[in-house]
2 protein chains.
Amino acid sequence: MMNIAVAQSGGPTCAINASLVGVFREALKEESIDAVFGSVNGIEGIINNHMIDLKNMILSNEDMELLKQTPSTVLGSCRYKLPDREEDDTVYKQIVKNLQQRQIGAFFYIGGNDSMDTVNKLSQYFREINLDIKVIGIPKTIDNDLCITDHTPGFGSAAKYVAATMQEIVRDSYVYSIPSVTIVEVMGRHAGWLTASSAVLHTIGETAPHLVYVPEAEFSVEKFLKDVRHEMAKHKAVIVAVSEGMEVPEGVQSGVVDNFGHKYLSGIGKYLEEIVRNEIGCKVRSIELNVMQRCSSHICSKTDIDESEAIGSAGVRCALNGETGKVMIFRRINDMPYTVVIESAESSEIANKEKFLPKDFVNSNGNNISKKALSYFVPLIQGELNIIMNHGVPKHFTIQESLLK
Amino acid sequence: MMNIAVAQSGGPTCAINASLVGVFREALKEESIDAVFGSVNGIEGIINNHMIDLKNMILSNEDMELLKQTPSTVLGSCRYKLPDREEDDTVYKQIVKNLQQRQIGAFFYIGGNDSMDTVNKLSQYFREINLDIKVIGIPKTIDNDLCITDHTPGFGSAAKYVAATMQEIVRDSYVYSIPSVTIVEVMGRHAGWLTASSAVLHTIGETAPHLVYVPEAEFSVEKFLKDVRHEMAKHKAVIVAVSEGMEVPEGVQSGVVDNFGHKYLSGIGKYLEEIVRNEIGCKVRSIELNVMQRCSSHICSKTDIDESEAIGSAGVRCALNGETGKVMIFRRINDMPYTVVIESAESSEIANKEKFLPKDFVNSNGNNISKKALSYFVPLIQGELNIIMNHGVPKHFTIQESLLK
């Protein structure tokens, strides 16, 4: 018999709790696993010995279903990065002590590429000191920028929110008779996956987004204005999707100032809005989808949530098979009918690396998304959960604030 | 036999098309009504004789159900205000000519308090020239600021979006171990109804929003900072709801003005964010819910959509009963079980007027919403439509762009 530990890390998504449910539910089935400890605030909870016995928290199937429809990380999160142990191994010793004290035989870390760095470092350390504690990474990020895996848990739900919301913004933009430009700023630090995914609207007959700008394609203000004018000749309301991670002239992202002298920290949408206003002079607005694109579980993708649970479960089986230092990944077999298998990869091949949009996902003009890309994106946003409601809003599963302190 | 005309006006909501369906469906039942003309871009379509025969557009019950889940105005909108006819009656004559040419016996105008001004002016004019064309207003606005009616179509869906999204933002805000402040800016030009409605979360055990600022209560930056510090002592992640229409120091709000003299507002959220950053120095962010709060039909309130259809239908019956110059209204009989009746009121009593939050809807500190207010808001956000989906996003009903030109 052994116990296991699980933690959640990095920025919130709609699917991190589904992966937690996957780990928990699989552990319940395994006779060799006794307690499941939830580490509070990612790896910090292991370091500080702040863990919760999840069997005392998640009491029923209904709790698990609620958890799957609750965004963000029920156990809290962190952005803590393990130091190199050549420099300082104090933290490593602390982790070993706390895991051993609770007789933990496997640790599952749900997170992005920084968290996979933790999986890599810890598993290497345990091997070197001959400690038999498995360390397995369960990927998540709305950015979809992890290597090797076909896509990442959390991305499909974010993409579904972005597509559904952009379609609604299209309706909203078409009401007036005067020409207009609407710029929608989408998350993505360096890679344009989420911004690109908004082009799935083309598959259902929408002409919008009429322009899509991602960091992977070259961009200039002159080209942008030419593109906008070209689209305005064809459409009354031009819809532009732009990635927050676009390379723009120096100083823009930190230096954009609005009418009131306020600086905008993430300013590409506002920046382009000002350019359209000054250079074209038409009605123009910019919309930042903000954190809603990572936490709008009320319109999550069932495909994403189901897969996120499945990849959590697969992580447990992987550890029980004796593997460690691995990250669970999706390998796509087919777009249509959509088929994926779950496998594992070396954490060293995923940690601290980023995956960018393939060149052929962007059109030849560098201002929209290719048809080829759409067959990649479309399956990921399919299906809806039957959301359990509570007095008009989705019911969330939460842990008492005092237990998380 | 007569024909009728219907138009949509003002800012988009999730419920304007449901009211159009109400008018259309009721007209189908009435043997005395032949064609139903949809005027393109509000009253402008009547003036320019740009109307569509809706029986050629809305072909089935399924079309009507799709229309009910499609946000914004399928017939376009306008912000056109009729001139006083003492000054210029050219437009009035044009309207009469076009209505008569199409043998229109009743005109239904779905819109906010500006549109009710049009209803008032037109019906008075028709009376004075002894023209038997009924003019009936069907209210709509997410601002909920129309007089006499208990609430306005469109408000419940906006309130449901704001509440559901704020609950998701709460989850998103609680992930990290460091203290934070999140400021959510909610629409509402002068009245705080929509911002106040976010407090429905208190009825399901959420402590957020911890602070709610509406234009109806006095506000000062000093008081705000004191409030935030007080809440930070109790909660790790403080959530503040603030109305875009707050009175703030001069120069903060934008000076752009629309045709009715309304200022386009933006900036209070960013402004308060800067204040918290400079004065308290903690992690802080502001989120503008932007147009999503008026067009997120994917999470509309079934109560709102059903009522919006019903009030459209009631408008037709009102006209057939020989009334004119009236605006349809809701009168609430009971909060629980929630019961409303639909009646009519004089358009002169609603046009160009605004209704503000009652004093006792705000707490004594002026920084949150009273319990009493919650029984008003809660029924309005109940129920969900069974949204018909199309490849992962809600299916929308649209009219060919060329027909709207």
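The values are calculated or read from the model by the stated rules, or taken from the named source; none is laboratory data. Note that the coordinates shown come from a computational prediction; the quantities given were computed from them, not determined experimentally. Cβ placement follows ideal geometry from the backbone for every residue including glycine, while neighbour counts extend to all protein chains displayed. The accessibility values were calculated without ligands, DNA or RNA, using every heavy atom of the protein model including side chains. Shrake-Rupley method; radii C 1.70, N 1.55, O 1.52, S 1.80 Å.
Within 14 Å of chain A (Cβ to nearest Cβ) and part of a strand (DSSP E or B) - does that describe any residue in region B:55-77? No, there is no match, as no residue in region B:55-77 is within 14 Å of chain A (Cβ to nearest Cβ) and part of a strand (DSSP E or B). Filtering region B:122-137 for residues that are within 14 Å of another protein chain (Cβ to nearest Cβ), surrounded by fewer than 24 Cβ atoms within 10 Å (Cβ to Cβ), touching a strand residue (DSSP E or B) at 6+ places or on another chain (Cβ under 9 Å) and in contact (Cβ under 8 Å) with a residue 40 or more places away in the chain leaves an empty set. Annotation note: Cβ proximity below 6 Å between a residue of region B:305-321 that is within 11 Å of B:F108 (Cβ to Cβ) and at pLDDT 95 or above and a residue that is open to solvent by 10 Å² or more (accessible area, probe 1.4 Å) and in a helix (DSSP H, G or I) (sequence gap 6+ or interchain) occurs for B:S313/B:E26; B:V316/B:E26.
Condition check ((1) under 16 Å from B:V284 (Cα atoms); (2) crowded, with 24+ Cβ neighbours inside 10 Å; (3) acidic (D, E); (4) more than 12 Å from chain A (Cβ to nearest Cβ)) across all residues:
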position: B:A159; (1), (2), (3), (4): no, yes, no, no
position: B:A163; (1), (2), (3), (4): no, yes, no, no
position: B:V170; (1), (2), (3), (4): yes, yes, no, no
position: B:V175; (1), (2), (3), (4): yes, yes, no, no
position: B:T182; (1), (2), (3), (4): yes, yes, no, no
position: B:A191; (1), (2), (3), (4): no, no, no, yes
position: B:A199; (1), (2), (3), (4): no, yes, no, yes
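Go through the residues of region B:50-63 one by one and say whether even a single one is touching a residue at least 12 places away in the same chain (Cβ under 8 Å) and of a type in the set (S, T, N, Q). No, because not a single residue in region B:50-63 is touching a residue at least 12 places away in the same chain (Cβ under 8 Å) and of a type in the set (S, T, N, Q). Checking each residue in region B:262-321 for being assigned to a helix (DSSP H, G or I) and in contact with a Pro (Cβ under 8 Å, 6 or more places away or on another chain) picks out B:R294, B:C295, B:S297, B:H298, B:T303, B:D304, B:E307, B:S308, B:I311. Residues in region A:296-330 that are more than 30 Å from B:I299 (Cβ to Cβ) and either open to solvent by less than 30 Å² (accessible area, probe 1.4 Å) or small (G, A, S) (or both): A:A314, A:G315, A:V316, A:C318, A:A319, A:G322, A:T324, A:G325, A:V327, A:M328, A:I329. Annotation note: of B:G38, B:G45, B:G11, the sole residue that is at pLDDT below 95 and either under 23 Å from B:D304 (Cβ atoms) or assigned to a helix (DSSP H, G or I) (or both) is B:G11. Looking only at region B:47-89, residues that are β-branched (V, I, T) and over 14 Å from B:I399 (Cα atoms) come to 1 in all. Among the residues of region B:184-220, those that are of a type in the set (S, T, Y) and over 13 Å from B:L374 (Cα atoms) comprise B:T207, B:Y213, B:S220. Summed over region A:78-121, residues that are more than 14 Å from chain B (Cβ to nearest Cβ), open to solvent by 30 Å² or more (accessible area, probe 1.4 Å) and within 12 Å of A:S39 (Cβ to Cβ) total 1. I'd like the full set of residues that are touching a residue at least 12 places away in the same chain (Cβ under 8 Å) and surrounded by fewer than 18 Cβ atoms within 10 Å (Cβ to Cβ), limited to region B:205-218. B:T207, B:E218 - these are the residues of region B:205-218 that are touching a residue at least 12 places away in the same chain (Cβ under 8 Å) and surrounded by fewer than 18 Cβ atoms within 10 Å (Cβ to Cβ). Among the residues of region A:359-370, those that are in contact (Cβ under 8 Å) with a residue 12 or more places away in the chain, closer than 23 Å to A:A208 by Cβ and either touching a strand residue (DSSP E or B) at 6+ places or on another chain (Cβ under 7 Å) or open to solvent by 50 Å² or more (accessible area, probe 1.4 Å) (or both) comprise A:D360, A:F361, A:V362, A:N365, A:N367, A:N368, A:I369.
Taken over region B:336-363, the criterion of being part of a strand (DSSP E or B) and small (G, A, S) is satisfied by B:S344, B:A345. Check region B:378-396 and report whether any residue there is crowded, with 21+ Cβ neighbours inside 10 Å, more than 14 Å from chain A (Cβ to nearest Cβ) and more than 29 Å from B:K326 (Cβ to Cβ). Among the residues of region B:378-396, not one is crowded, with 21+ Cβ neighbours inside 10 Å, more than 14 Å from chain A (Cβ to nearest Cβ) and more than 29 Å from B:K326 (Cβ to Cβ), which makes the answer no. Screening B:I333 against (1) part of a helix (DSSP H, G or I); (2) surrounded by fewer than 18 Cβ atoms within 10 Å (Cβ to Cβ); (3) more than 12 Å from chain A (Cβ to nearest Cβ) leaves a single unmet condition, (1).
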